[in-house]
Amino acid sequence: MSQLPFDFTAPADGSISQGDGARPPAEERVWIAPGPRAAEALLLREIAADAAAVRADPRLLAKPLRVIVPSRSLREHVAAKLAAEHGALAGVVVQTLRGFARELLRRAGEPDVGRGGELLLPVLVRRRAPEYAPLRDVLGALDEGYSPVVETVRDLLDAGLDEHTAVADALADLGDAAEIQRARALAALALWIRAELEALGLDPPAALFEAATGALERDAALASARAVLIHGYADITGVQLALVKQLAAGADARVLIDHPPDPTGGGGVGAFTQR
């Protein structure tokens, strides 16, 4: 998977702001706050500023402010925070990247690809994972069973894992033999599921992001946003990153990242933002 912040900006262009959570200059694309609470406070202040701008000029409601988050749970959390602070807030859409991708394809009049693979993925994981001893030995007796494996397999497929991926090289640094065996089992499981979906004529879940990226490349107006705030990501897969970069290329987008200061004084933020 790719590390954030996204590489559509770089420190050399003055686009990264590191501070105490106060609002950075508007022209900066990546806003870094010292921890998750500061990042959330920055997000809420930015939404409040947008709401004030809308009250001053209701024509801004022609397009929504989009807040893109990585998970349904964070979407619900942010929506609850906004409701508590502002009540009904017009013209603000809080959605996951997956939800945004589906909305974009509907607006483009294109098919909602990847849904069949998305629905079948958990079934295939639970059916096949017990056949891999490194996974069965650790997860087989747990109440949640193989549920954690579903997200890992989805991430591997979203990252573009295929038979040509140098899995052995990637695992070499793990060190622990048991961890390496589990990682190999996860990679093998993901490759089996990819092949199974192809045999069934179903697109993998990643196809949704690929299709949305292509649609946005052809027509940037499909984003339909007066501004975009991207919040809550610590990591992102390759196909999701491609969509976010394409979105940011054609919209007034900001990436809000929580990055607590290193108490040891090591590892500057410059290195972090280049990962």
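Just to be sure I understand, how many residues within region 244-275 are modelled with pLDDT of 60 or more, in a helix (DSSP H, G or I) and hydrophobic (A, V, I, L, M, F, W, C)? Total meeting the criteria: 4. Look at region 133-158: where a residue is under 14 Å from Leu120 (Cα atoms) and a partner is of a type outside the set (Ser, Thr, Tyr) and not in a helix (DSSP H, G or I), sitting 6+ places away or on another chain with Cβ atoms under 6 Å, you get Arg154/Pro205; Leu157/Pro204.
Quick one: in region 193-208, of everything that is over 24 Å from the mean Cα position of the chain (by Cα) and assigned to a helix (DSSP H, G or I), which residue is farthest from Arg154 (Cα to Cα)? So the residue we want is Ala199.
Pairing each residue of region 65-81 that is farther than 22 Å from Leu222 by Cα with any residue that is of a type in the set (A, V, I, L, M, F, W, C), provided the two are 6+ apart or on different chains, yields C-beta distances under 6 Å for Val78/Val94; Ala79/Val94. Take the residues of region 209-243 that are part of a helix (DSSP H, G or I) and in contact with a strand residue (DSSP E or B) (Cβ under 9 Å, 6 or more places away or on another chain): which is nearest to Asp50 (Cα to Cα)? Ranking the qualifying residues of region 209-243, first place goes to Ala223. If we keep just the residues of region 82-108 that are of a type in the set (A, V, I, L, M) and under 14 Å from Ala225 (Cβ atoms), which is surrounded by the fewest Cβ atoms within 10 Å (Cβ to Cβ)? Ranking the qualifying residues of region 82-108, first place goes to Val93.
Here's a check for you: in region 61-77, which residue that is surrounded by 17 or more Cβ atoms within 10 Å (Cβ to Cβ) and not in a loop (DSSP other than H, G, I, E, B) is farthest from the chain's Cα centre (by Cα)?
Just the residues of region 61-77 that are surrounded by 17 or more Cβ atoms within 10 Å (Cβ to Cβ), to begin with: 64-70, 74-75.
Those still in the list that are not in a loop (DSSP other than H, G, I, E, B) too: 65-69, 74-75.
Numbers: Leu65: 18, Arg66: 14, Val67: 12, Ile68: 8, Val69: 7, Leu74: 11, Arg75: 12 Å.
Among those residues, the one meeting the criterion is Leu65.
Of all residues in region 40-60, those satisfying the criterion of being among the acidic types (Asp, Glu) and assigned to a helix (DSSP H, G or I) are Glu40, Glu46, Asp50. Glu144 satisfies every condition listed in (1) at pLDDT below 90; (2) in contact with a Ser or Thr (Cβ under 7 Å, 6 or more places away or on another chain) except (2).
The values are calculated or read from the model by the stated rules, or taken from the named source; none is laboratory data. Computed from a predicted model, the values in this text were never measured in an experiment. A quick note on method: Cβ atoms are made from the backbone with ideal geometry, for glycine too, and the neighbour counts reach across all protein chains shown.
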